[in-house]
1. Apply the Karplus parameterisation 6.51 cos²θ - 1.76 cosθ + 1.60, with θ equal to phi minus 60°, to every residue of the range 44-50 and state each ³J(HN,Hα) to the nearest whole Hz, in sequence, with x for glycine and proline.
2. What does the charge add up to near N60, with Lys and Arg as +1, Asp and Glu as -1, over the other residues with Cβ less than 12 Å from its Cβ?
3. Would you rank D57, D35, D65 by solvent-accessible area, highest first, keeping every protein chain in place and using a 1.4 Å probe?
4. In terms of modelled amide H atoms, which long-range or inter-chain residues lie less than 5 Å from the amide H of H63?
5. Would you kindly derive the ³J(HN,Hα) couplings of the range 16-21 from the backbone phi angles with the Karplus curve 6.51 cos²θ - 1.76 cosθ + 1.60 (θ = phi - 60°), listing them in order in whole Hz, with x for Gly and Pro?
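The values are calculated or read from the model by the stated rules, or taken from the named source; none is laboratory data. In this text, all values refer to a predicted model and were calculated from it rather than measured experimentally. Virtual Cβ from ideal backbone geometry, glycine too; neighbours counted across all protein chains shown. The protein model used for the area step is the full one, side chains on, heavy atoms only, and it has no ligands, DNA or RNA in it. Shrake-Rupley method; radii C 1.70, N 1.55, O 1.52, S 1.80 Å.
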Amino acid sequence: MPDASQPPSSHAFRLNTYRVEGASVVECHGKLISDHAPQLRNEVRNLAAAEKRIIIDMKNVQHMDSSGLGALATLYVHCRTRGCKLELINMNQATRSLLSMSNLLSLFEDAGRYGGKLP
């Protein structure tokens, strides 16, 4: 029986996508875990067909597991093969550490070096 104190899974993660100068920004809200990684992958893959630059804003991601990590790596490759730059911004320290330990932070060089804030 589901725990009534837990919010429904549809509310545990959501995306908000909008345009800024020359890029699409995908804001992630919630936990980027196995249940929600496909949602992010689908959103970014759809955008990559027409974009040259996609920014994933991680400011409101409280937790990311290995599936979220895998989604980011997969999206990096997907975008790169289509001539689209994928950037991460506003990562918390735990997310930055996870990317660093898995040697993926260097793929998102600007986020690792500068913190990747939107202007």
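1. Rounded to whole hertz, the list is 5, 4, 5, 6, 4, 5, 10.
2. Values: positive: R14, K31, K59; negative: E27, D57.
It works out to a net charge of +1.
3. Details: D57 5, D35 115, D65 40 Å².
Of D57, D35, D65, the descending order of accessible area is D35, D65, D57.
4. L32
5. 10, 10, 8, 9, 10, 3
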